[in-house]
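Let me begin by handing over the structure; questions about it come next.
Nothing in this text is a laboratory measurement; each read-out follows from the coordinates by a stated rule. Just so you know, these numbers come straight off a predicted model, no measurement behind them. Note: ideal-geometry Cβ built from the backbone for every residue, glycine included; neighbour counts use all protein chains shown.
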Amino acid sequence: MNNPMESRKRHPTEIHWDYYLALEEDFLKSARYVELSEQHLDVHSQFFTQSLISAASEFESVCKATANELEIEGVGNIAAIKKMLVPIMSSVESCSLWLMRGDLSVRPFAGWDQESQKIGWWDAYNDLKHLRHKKLERGSMRNALYALGGLYIANLVLANSTNQYDRLRSNELFQIRKMAGDSHDLFRGNYFQRGCLSLNRGEDKQGTTD
């Protein structure tokens, strides 16, 4: 007799995406009290600190899952993550995301076209891990928002690597902004072939080291 409660097995990509959606939902609760607007980006709180730390930590986990899928070794720090993402994504540093609430847009990887691999929200994450008592202001809406944007993009890269688009549930915070300034819905068509998320998945896979 079949078990009426039996459910399908979730793919690891789904598990990562669902965790992102949970972080997104928690972040959007802040909009009830602090409007998502330019003048509030530097507001800092324990809430935004927690959001930043959770998103940045999960970003690292998702990137490692992508590296495993693509058989790329040595992805153990942010420099190695950059070396992985830049070759397989078109213009990752220019990728801009619209907020579906408010009038903001963010570029989580701005600056990665330069030699330095530093990105502000990742530096803030490390400050809060190691010097939280001195760097409370780093737990800002801006850094939390950018970390979530970076995690959003990382999840899309993972979905592309595993061909699991159809299993991703719709999100409520970000949508991709095309290079020309127009936006398109994330779940319509092959969005990786448009805008800044055109992925180059050649056969030449190069490992990265610390």
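Quick one: Val43, Val62, Val92, fewest Cβ neighbours within 10 Å first, how do they rank? Show your work: numbers first, answer last.
Numbers: Val43 17, Val62 27, Val92 22.
The most exposed by this proxy come first: Val43, Val92, Val62.
Would you work out which of Pro12, Phe174, Tyr33 lies farthest towards the positive end of the dipole of the stretch 12-193, given +1 charges on the beta-carbon of Lys and Arg and -1 on that of Asp and Glu, about the Cα centre?
The residue sitting most towards the positive pole is Tyr33.
Taking only Cα atoms of the stretch 12-193, what ratio of Rg to Rh do you get with Rh as the Kirkwood inverse-distance radius?
Values: Rg = 15.5 Å, Rh = 16.6 Å.
Result for the stretch 12-193 is an Rg/Rh of 0.94.
Given +1 on the Cβ of Lys and Arg, -1 on the Cβ of Asp and Glu, and no further charges, what dipole in debye does the stretch 12-193 carry about its Cα centre, rounded to the nearest 20?
Rounded to the nearest 20 debye, it is 320 debye.
Would you mind ranking Lys83, Lys134 so that the residue whose beta carbon has the fewest other beta carbons within 10 Å leads the list? Before the final figure, lay out the partial values.
On the way: Lys83 18, Lys134 10.
So the residues, fewest neighbours to most, are Lys134, Lys83.
Same structure again: For the pairs Lys29/Lys83; Lys9/Lys64; Lys64/Lys129; Lys64/Lys118, flag any whose C-alpha to C-alpha distance is greater than 25 Å. Could the numbers behind the result be given before it?
Working: Lys29/Lys83 34 Å; Lys9/Lys64 22 Å; Lys64/Lys129 20 Å; Lys64/Lys118 18 Å.
Check vs 25 Å cut-off fails for Lys29/Lys83.
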